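S.K.: Got a structure here, written out as structure tokens. Questions coming.
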Amino acid sequence: MRTRPRHRPPTERVSEHADPRLLRVVPQLALAGLAVVLVWPAARGSSAWLGWLPLWLVGMPLAAWWALLRCPLPTLTALRSLRRDHGQARRRSPTRTRKAHTATA
């Protein structure tokens, strides 16, 4: 009995893209929620029914947008470009002591 593999190879995967209307609306909802949170002080609080309002007005639309984009994670090359290439900090060479101060007492 042959079992099916859990993950299909990339050649067999069906191309599934998000609806372009959703990709247009969800970022607009996130920006509108951000504007409401910044302008209206009551939106920065919490509600007895919903909980913390900035989560629902900004956080959840951003999470939905990320999910619509199929949850892309940053690649190693993108992470390396964010990191500074200076390496570890080095100590300066020790300064020379002045003999004039140590010779006279």
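The values are calculated or read from the model by the stated rules, or taken from the named source; none is laboratory data. As the structure is a computational prediction, the values presented were derived from the model and not from experiment. Heads up, the Cβs are rebuilt from the backbone with ideal geometry, glycines too, and the neighbour counts pull from every protein chain shown. Ligands, DNA and RNA are excluded from the accessible area calculation, which covers all protein heavy atoms including side chains. Shrake-Rupley method; radii C 1.70, N 1.55, O 1.52, S 1.80 Å.
S.K.: Sorting Trp65, Trp56, Trp40 by accessible area (1.4 Å probe), largest first, what list results?
M.R.: Highest to lowest solvent-accessible surface, that is Trp40, Trp56, Trp65.
S.K.: Once you list every other residue whose beta carbon is under 15 Å from the beta carbon of Gln28, what net charge do they have if Lys and Arg are +1 and Asp and Glu are -1?
M.R.: Combined, the nearby Lys, Arg, Asp and Glu give +1.
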